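Asks: Provided herewith is a single structure, encoded as structure tokens, for subsequent inquiry.
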Amino acid sequence: MDTKPCTSGLSKNAVMITRVADRQWHALEDDLVVGRGYAEHRPDGRLFVSIDAWHDAAFDRLAEAMPAALPAPLYTVVDEADVELTAGWQRAGFTIRRREWEYAVPTDPRGSGLDEVLPPPGVTIVPAGQADERLLRAVDRAIRDEVEATIGWQSMPAEVIPRPEGDTIVDLTKYAVAATPDRYLGLIRVVTVNRPRIGLVAVRAGEQRRGIARSLLAHALGTLHNSGFAQAWTEVHESNRPATALFEGIGARPMSSNLELVR
């Protein structure tokens, strides 16, 4: 997590930067650590950086040293409400690339209006952990190809859950699917670490506007509600109007926004 730099009159020349490990740096002032920088690859292969610093001078020195030692492009994510941290990254040459809204999603079907939602005729919902791996991978690949050919997969919520390199399925047990007898039409991925997060809900292009996404949400949220969770969380790219309408239509509330910056 980035920590915003605190204002200080300290000269940047008084701060020394040392690389302490692969993709890890320390900022030193009088031999004391006053800042730390990190870089790591996300599952989609992009390289993200973060800085935890006590003051502007340490932040700025780290933000100069790290890009010089790392391959471009570099990315970082900040809370949009943190104006100082955003300004710090912009001083280092980063520009705003995208904005994601974080939503709190009610799980109680009486609050979401999903209590009477059923799949369309001929479609059934296969619960998480029971999907056929071959059909699941086929629908995941088809949907990714369709999105990439239109708005681009980079417009989807950032995938931050670790998965095997080259594999687009995070964990087979996290997916519920909308199924016909011979293929899957859509999927929803819910991962619970500290709190349940809807990482993806998507339907094949030719099957959209039939209520399949709402049916997947009704199933997943109902399962969470029965497990004692009052809310789930999800992120929606600001330009994704269908997803925004889907979640706001079931009572989801925007709680915060994150900015992804790139250099």
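The values are calculated or read from the model by the stated rules, or taken from the named source; none is laboratory data. Values in this document were obtained by computation on a predicted structure and should not be read as measured data. Heads up, the Cβs are rebuilt from the backbone with ideal geometry, glycines too, and the neighbour counts pull from every protein chain shown. In case anyone asks, the SASA skips ligands and DNA or RNA and just uses the protein heavy atoms, side chains included. Shrake-Rupley method; radii C 1.70, N 1.55, O 1.52, S 1.80 Å.
Asks: Can you tell me which of Gly111, Gly88 is touching a helix residue (DSSP H, G or I) at 6+ places or on another chain (Cβ under 9 Å) and not hydroxyl-bearing (Ser, Thr, Tyr)?
Replies: None of the other options fit; the residue is Gly88.
Asks: Still on this structure, please answer the following. Considering segment 148-169 alone, what residues qualify as being of a type in the set (A, V, I, L, M), open to solvent by 20 Å² or more (accessible area, probe 1.4 Å) and modelled with pLDDT of 55 or more?
Replies: Matches in segment 148-169: Ala149, Ile151, Met156.
Asks: Moving on. Any residue at all in segment 213-224 that is β-branched (Val, Ile, Thr), open to solvent by 20 Å² or more (accessible area, probe 1.4 Å) and either modelled with pLDDT under 95 or in a helix (DSSP H, G or I) (or both)?
Replies: The answer is yes; a qualifying residue exists.
Asks: Now for a separate question. Within 30 Å of Leu259 (Cα to Cα), of a type in the set (A, V, I, L, M), in contact (Cβ under 8 Å) with a residue 60 or more places away in the chain and out of contact with any helix residue (DSSP H, G or I) (no Cβ under 8 Å at 6 or more places or on another chain): does that describe Ala65?
Replies: no
Asks: Right, something else. Go through segment 49-65 and give me each residue that's in contact with a strand residue (DSSP E or B) (Cβ under 6 Å, 6 or more places away or on another chain) and surrounded by fewer than 24 Cβ atoms within 10 Å (Cβ to Cβ).
Replies: Once the filter is applied, which keeps residues that are in contact with a strand residue (DSSP E or B) (Cβ under 6 Å, 6 or more places away or on another chain) and surrounded by fewer than 24 Cβ atoms within 10 Å (Cβ to Cβ), segment 49-65 yields Ser50, Asp52, Trp54, Ala65.
Asks: If you scan segment 225-248, which residues turn out to be closer than 21 Å to Gly186 by Cα, surrounded by 13 or more Cβ atoms within 10 Å (Cβ to Cβ) and out of contact with any Asp or Glu (no Cβ under 7 Å at 6 or more places or on another chain)?
Replies: The answer is Ala232, Thr234, Asn240, Ala243, Thr244, Leu246, Phe247, Glu248.
Asks: What are the residues in segment 110-135 that are closer than 20 Å to Leu172 by Cα and either hydroxyl-bearing (Ser, Thr, Tyr) or in contact with a strand residue (DSSP E or B) (Cβ under 7 Å, 6 or more places away or on another chain) (or both), if any?
Replies: Listed by number, the residues that qualify are Thr124, Ile125, Val126, Pro127, Ala128, Ala131, Leu135.
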